[in-house]
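A.B. asks: There's a structure below that I have some questions on.
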Amino acid sequence: MNDLPSFRSEPETDRLTLCALVLIGYLFAAGPASGQADLAGATTKLTLQVATAMLGERCRRVEAPNPASFASVSLHRTFHDDFDTHPLLDERWAPYYAGGAAWPEARYWGGEGSDFRRKTSYNGEQQIYVDPRYGGRETKPLGLDPFKVKDGVLSIVASRTPPALKTVLFNNEYISGILTTQSRFAQKYGYFEMRAKVPVGTGVWPAFWMLADDGGWPPEVDIMEGRGQRPGDIVMTTHWRIPETQRVERCGFDFIVPDAPTAFHDYGVLWQPDRITYFIDRQPVSEIKVPVGFHEPMYMIVNLAMGSKTLEGVGFVDGESPNIVAFEIDRISAYQIDER
């Protein structure tokens, strides 16, 4: 099989560029120091405010509008993990790109080809995603666990690969973790949200994003990507393909949340039949008319990559990169739109 498609790449043929940097940090109250202080976020019901103005073909920022131009959307929760226990204790998450259900489990660990679905090589990533069962080139699990849980907060930890395991782990500079709900939970329409701190450092690339559950690409919804070399710089982007030309297009914005590395904030997206709206701390910040190709249910991915040649402001790992860095996540939830 071919290598994993470049799910988070920015194709050279793409004429659209990420839009202007927007300072929004002062619009949102800083998150609590402890993730568990966010009790209101665990509700099973949720109401969000969305703009009602007609949309053009390009994405746009949601400026401070007249409240009369907003409408309420009521939702009920369909997925929730507050990470009180290890994420791999049940069948909720897979620690690799899940792929087709018919693929043999042995394809993911043990044997010469076992880096398959554990990194996206096109992006220039310099980590390999591991879990306690993963063996690299060995036939037995190495027992490496990048997932730590403490006080209801999950940390996905990236660390430099131990020298003795470098060859075993395909000479990747870092070991790290990914969690995906592919083939386990997917949903068409609704609101998808993560509450997290966004780590920084040269080569640090945290992300919370979605792909179609049928395995196609695009569509892709990047709910939150961090530019590790630019603390507090958050990227939210939509990707789609033009059927007539097969050209991949994208449109999105950068936002500055000054305390994103040190305080928990909510990063979410509401997918409705007519528009996709991005939220920070449940305040709408940008929106786009739903592009072509958004037909299938989508699943969630959260990961901490190291090194990128496709997302500016991440950089490649070097001597200044942190030896250990953690992506702290308080919770991940999904909500479906209530029927009227």
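A.B. asks: Past 27 Å, Cα to Cα, is the threshold; run K119/K140; K140/K309; K140/K166 against it and keep the listed order.
C.D. replies: Long pairs (Cα-Cα over 27 Å): K140/K309.
A.B. asks: Could the peptides 146-155, 201-210 be put in order, highest first, of the mean number of other beta-carbon atoms found within 10 Å of their residues?
C.D. replies: 201-210, 146-155
A.B. asks: Then there is this: For segment 140-228, what does the relative contact order come out to in percent, with C-alpha contacts under 8 Å and a separation of six or more?
C.D. replies: Across segment 140-228, relative contact order equals 18 percent.
A.B. asks: Please give every one of the lysines within straight-line cross-link reach of K197, meaning a C-alpha to C-alpha distance under 18 Å, and leave out same-chain neighbours fewer than 8 residues apart.
C.D. replies: K148, K150
A.B. asks: Normalized C-alpha radius of gyration of segment 52-91, against 2.2 N^0.38 Å?
C.D. replies: Compactness ratio reported: 2.04.
A.B. asks: With no solvent and one point on each alpha carbon, what is the Debye value of log10 I(q)/I(0) for segment 248-340 at q = 0.10 Å⁻¹?
C.D. replies: -0.38
A.B. asks: For segment 287-340, just the Cα atoms, rotate onto the principal axes and tell me the three extents in Å, largest first.
C.D. replies: 55, 29, 19
A.B. asks: In addition: Over all pairs of distinct alpha carbons, what does the Kirkwood formula give as the hydrodynamic radius of segment 133-186, in Å?
C.D. replies: Numbers: mean 1/r = 0.0785 Å⁻¹.
Taking every pair of different Cα atoms in segment 133-186, averaging 1/r and inverting gives 12.7 Å.
A.B. asks: Using alpha-carbon positions, what is the distance between the centroids of segment 77-96 and segment 243-281, in Å?
C.D. replies: Here the two parts' Cα centres lie 23 Å apart.
A.B. asks: Given q = 0.17, 0.22, 0.30 Å⁻¹, what are the Debye log10 I(q)/I(0) values for segment 215-275, with equal point scatterers placed on the Cα positions and solvent ignored?
C.D. replies: Ignoring solvent entirely, the Cα scatterers give -0.69, -0.95, -1.29.
Bear in mind that the values in this text are calculations on the coordinates, not laboratory data. Note that the structure is a prediction, hence the values are computed from the model and not measured. We place every Cβ from the backbone using ideal geometry, glycine too, and count neighbours over all the protein chains shown.
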